[in-house]
Structures are given as structure tokens and as C-alpha cells.
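Working notes, beginning with the structure itself.
What follows is calculated from the coordinates using simple rules that are stated; it is not laboratory data. Remember, it's a predicted structure, so these values are computed and weren't measured experimentally. Positions of Cβ are backbone-derived with ideal geometry, glycine not excepted, and every protein chain shown enters the neighbour counts.
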Amino acid sequence: MKRLKGARLLRGASIAALCVLSPQTGFAEEGAEEGFSLGTIVITGEKLARSLQRTASSVSALDGAAVAKADEAGKDSLAKAAEGMANVTYPSVGGQGGAPTIRGQDSEGPNSGATAFFGGTVPRMAVSVDGHYLTYNELVWSSAAIWDVDGIEVFRGPQTVAQGANSIAGAMIVTTKDPSFTREGAVQLQYGSDNRRRVSAVVSGPVATDLAARLSVDYSARDTYISYTNPAFALGGTDQDFDAKTLRFKLLWQPAGLSGFEAKLSFAHVDTSRPTWEAAMAPYEDLESTVTGNPSWDLRSNATVLDLSKDFGNGVKIVNSLRVADVQTSRITEPVTSGSAENDQDIVSNETRLTFGDEMATFSGLAGLFLSSTKTDETLNLRGSTVFEDEKRSAGVFTELNYRFAPDWMLTGGLRYQRDDVERRGTTSFTPEVLDYDRSFDAWLPKLALTHDLNDTTSIGAMVSKGYNPGGVTLGFVSRQYVTFEPETVWNYELFGRTKLFDERLDLTGNLFYSRMKNAQRYVTSVIEGGYTDAVTVNADKAESYGMELGFSFAARDDLTLRGNLGLLHTEIVSFENALADYEGHEFGRAPSRTLSLGADWAIRPDVTLAGTVRYTDAYFSDDTNATALLIDAHTVADARVTWTPREDLSLFAYVNNIFDDRSVTNLRSLQGSLQGTVVDPRSVGVGLKMTF
């Protein structure tokens, strides 16, 4: 039985409604504490700074204050901070479905799980933390802390023109706080349900006349809430609990003798451990599992970014960003011969760009060059030995020109040439075939936008852009043959509106979109002998999605701010001709047709704030099969937090997440003939304190 298509939800949507109720809130979708003018929000994720009011892309932005308050509410990671954003869904945390689904596009990438190992993969979503783009393993098997983060921007829809390949679903741009030339610091402690513990600290200040440094550390951990009841469960060297350590160090040099020059060195070390899945078996609300084992993942990454910039003082600025990273990922099983694996990656990239003008200038824009190389060595211990060597090289030349041909009209044109070389070689006991994959892909990616300022506080416009993701290879366990798939492309069309009303106390934002995909890379699954799941990635001839995102923030009173957003979505695989499956007419997996979030922040007293949020996710299927057994019911989750600030340098806070202890299933998969399901995190109660100095 299929649920109603999202098309009904969009009937009657008009451009007029778009202009008035228009998504992208430039504040915390799931934790903004203060209403403020959209004009204060500057979006930088598209490489050229512009106000949210004149940003055509569908983007949600959280500033540093909003991120800090989400942190106080027990939202300790990027995934948790993004909860409640319109048309952004995290079906589970880790494993298949563990990366966000944006407008129905699974940002995990075309391959997942074992298929990702045998075929190699990269995400469909570009996640940049201070310029370092997270790898597939970092996105799925690790956790990105939000302590000491200065801002998060989440873009919906293809961002290939600005970010390059592997951003066809969207992008998340994260910037941490820079060193300060005044001494400052903070310490935060938290404790909560499931033995949740959190210790965070930061110190910043000058170390020389023109040199400042910043050091931040964050540790978070909790026990699993799943009980493994099978006496045969083999723990061995696996770890079923969660542990994450993050260390960041920055140096900022602004020499007085070199006007406009700045050098910034950023280093981040991340060390995490987590199980493959935190999933229960029916009845799922009991949070019990009868599996005999659950592999865990240890990940350690080191990322160094050197940013050099020169502002010439006439609106022209040149920036060079050199990034070097190594990521080591270990899959731990019991016994080790049942699938233990090692994945070592070395990444080097460099981006040079020149920007000129601002959004009010007659001409403004940018030009840039991006180069990257990722080398990966992989080994697997399962039914013999598996060894792969993988290298991916990317090059992108991009430009954008904004022409304000009238005081209230601006035309934007962008173009990127992207080339991706993919080499993968190796052997495995699962096939006698030796893999020797060597392909090159390239694409011209245009973007065109028109913006009209109705007045100083209202802008509307339209945009069309093309996105692209390179092809690749997967291994079919049934056929014991490698299966290649072609690049996927998407043409994305959007109408957008932004306005501020009632003396700028009400901010309204919104986008209406239609996306037409060609050779969409879809994940085809089937159950094989022994109850195991076989999966390969193939191309669907045509697919489409359309919908909208609406958002608002309203300072109803000086002490009360209301906020909310709505996402509507329709997805469909329009044409699918493949011998492995027939998904024609199906909805995309993990693509709810409605997402809704409402929140309020009430300053009960000058030193006490009460905040709450309710978020709703409509029903969806776990994968493209649209099987009734894999249908996820709609669910609603409510959170609350109270903060007491007795002194300017001291805050005490308490939170309750999932107040009503909803245990709805969020993702289902078949494992050895049985269904496993991830659920909404059970009710969590926590307390904490934060001191600044």
C-alpha cells in the first residue's frame, strides 16, 4: 500500500504565496534563540559573501549563538544540530541511511555499506569543516562536534557549480571560531541519560603582536540504548557504545606591515568509536536485538588547512586554501575473520579563488581553480583476503559574474568545468575477476539566476542550475561480477522569496523547486541465500522531485521569539529499465513528503530562558523498493530546554529531548531474514553548566 504522493501538497502553491511565506531561515531551525534581521545574515558557502536576502539557493544558516544553544540542548553533533530543517532528514545515525537525505537525495552517495567498500564511494553531499571536506567514512562512521563552531550553512539542491563533484544533493559548510586578539575562554560540562557525558573547553588569545592562537577540545560519550539479548552475542573487540574526541588548533597571523594580508593555519584531530547500527528488532519499542554480533568502527582523522588571503582594499581579494588530511578507518568484528577491514586515505587539495565587488556593486563575482587527489588503501578479512587501491583526482575551474543592471535587478551567471578521474584496482575472494577500473568523467555546469528587490527588505527571483556526480563501479555478489554505472546529472529550477515585515520583527523565506534527473544513480537491493542482502548501484533513466521549503522567525514580543519551517516534497523514479529491478513509478527511499518544525524561545526573566521545539516527519519508505514491510510511519518529536544565567560568565541548563519518549522506527533493513530498525533516540534528560572567562 502506497501513501499519497506529495503532488497533492503542492497544488495551489502560487508565486504570491512564495513571495510572502518564503525556507531558508538564517537562524537556527532547531535551536535559534533570538529573532534578528535577515539582513545581518551573510552566506559564504557559495564562495562569494552575500546576504541571505539575495541568496537564490535554498539554505538554512545557524550562527554561532544558535549553534551554542543547540549544543546546550544536548545536540552535540552536526547531525543533531540539523534536526528539524525543512526537507533534511536523518533516517538513522551511522550505516545505511546514516547520512542526511536532502530533498529525497541520499547524501551518503551511490554506494552504501559493503557496496561502498567493494566499489569505493564518495558522498553526494559536500560537508566542509574549515575547508576540509569530509570523506564518506567521516560522514557516515564518525561524528562532527559543534563545540566552538561559529556557523553552519546547509544548502539544499545541487551545489556542484560552487563545490564541485559530490555535492549534487547539497552542501553543509561549517566554520569554527577563529583566534581572537583578546584573551577569552570557556568550559562546558554535561551529563545525561544513557550515561551521556560531555567535557568541552576552549582558550584563545594573542601569542605575539600580530599572532593569535585558539585551542579547543571536546569529548562526548554515551552508552548504547539497545540491549543485545542473544546469549550467543559475541562482543569480542567490538565497542557497542559511542565515543568522540575532537581537538582543534588555529593560528591567525595578521602582520601590521602587510596591509590586507592574512594567514590562518587550522588543525583538527578527530577520534571516534561507534557501532555499525544502533538498531532493534520487533517489537522495536523494547529496544532489544537478538543479533549475534554488531561490528564497530574506529576512525581517526587529521586535517590541516592553510589559508592565505590578500585584500587589496578596492573590493578585490585573492584567497588560496591548501588542505592536507589523512583518515584511518577500522571496522572491527568478532571474530576478526568475519569482516574486519582497514581503510587508509590520504587527501590533498588546493583551491585558489579571486573575488571582486559586493552584492550592491554593478559588477561582482569570482573566479577559481580547485585541484584534489585522494588515495585509498583498503583491506578486508572475510572469506579470504580482499585488497583494493583507489585513487580519485578532481579538477574544477569555476567562475561567477553578478551584474546589477538596474538598482533593483541583478543577473547572476555561473559556470564550472569539472573533471574527475577514478581509478580502482584490486582483488577479492568474492569474484575471480580482477578489478581494473579507470574512467574519466567531465561536465560543464552552468548556473543562471535573476533577483529583483521589491524594496529594501523584500527580494524575489528565479534560478536554474545543473548538478553532476561522476560514475563508478560496484560488485554484485550474486553475479560475482563488477557492475559499472554512469554519471548522474540534474537540472534544478527554483523560485525564491525573502522578506522582512513589521519593522523587521518577522522574517519570511522560501524556495519552490523542480529537479529533473538523468541517469539517476539508484541503489538496487535483493535478498540472497542465507538472508543476506545483495546490492548494486545502477542508473535509472529519469527521475524527478519537486516541492518547497518555507520558514519564518517572529519576534512576537521582546521576550518571545517564534520560529518554524515547512518542507513539502514529491519524488518519483519516472523511467527505470534494468534487469535487476523495476522501480518505475516508485518514490525515492527515505524521502518524506512533509517535514515540519515549530519552536519558541521565551525569556521568562532576564536570567531565565525556556525553549522548546516540535518536529514532524511524514511517512516514507526505507528504500526504493517501496515495500510495505519497509514503510516508516509518520512521527512527532518534542524537545525542551531551560537556561539560567545567574552571572554573565555562568550558565546552568537542563534539557529533555524526546519529551514523550516516542520510539518510532526511522529506518528498516533486512539482515539474515529478519528486519532491524533504528528508532528515534529515546527520551534523554541532561544537565550542564558553562563558564566563560
Highest average packing first - 509-521, 220-232, 485-497, 432-444, Cβ atoms within 10 Å: 509-521, 485-497, 220-232, 432-444
Could you estimate the translational diffusion coefficient of region 7-692 from the Stokes-Einstein equation, with Rh from the Kirkwood formula over C-alpha pairs, at 25 °C and 0.890 mPa s, in whole µm²/s? 96
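So how do 270-276, 670-676 stack up, highest first, on mean other-Cβ count within 10 Å?
Working: 270-276: 22.0, 670-676: 15.7.
Ranked from most to least packed, the peptides come out as 270-276, 670-676.
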Tell me the net charge near Phe117. Cut-off is 11 Å between Cβ atoms, Phe117 excluded, with +1 for each Lys or Arg and -1 for each Asp or Glu. -2
Given 0.36 nm per residue, what is the gain on full extension from Phe405 to Asp326 after removing their alpha carbon distance, in nm? 23.8 nm
How would you rank Arg683, Arg669, going from fewest to most other Cβ atoms within 10 Å of each one's own Cβ? Arg683, Arg669
Got a sec to turn the phi values of region 539-545 into Karplus ³J(HN,Hα) couplings, 6.51 cos²θ - 1.76 cosθ + 1.60 with θ = phi - 60°, whole Hz, x for Gly and Pro? 9, 8, 4, 9, 8, 8, 8
What's the exposure ranking of Arg214, Arg383, Arg393, going from fewest to most Cβ atoms within 10 Å? Arg383, Arg393, Arg214
In order over region 559-576: 3J(HN,Hα) from phi, Karplus 6.51/-1.76/1.60, θ = phi - 60°, whole Hz, x for each Gly or Pro, gives 10, 9, 10, 10, 8, x, 7, 9, x, 10, 8, 10, 10, 7, 7, 6, 9, 8
Enter the per residue convex hull volume of region 569-648, computed from alpha-carbon coordinates, in Å³ rounded to the nearest integer. 121
Rank the residues Ile318, Ile43 as a footprinting-exposure proxy: fewest other Cβ atoms within 10 Å of their Cβ go first. Ile318, Ile43
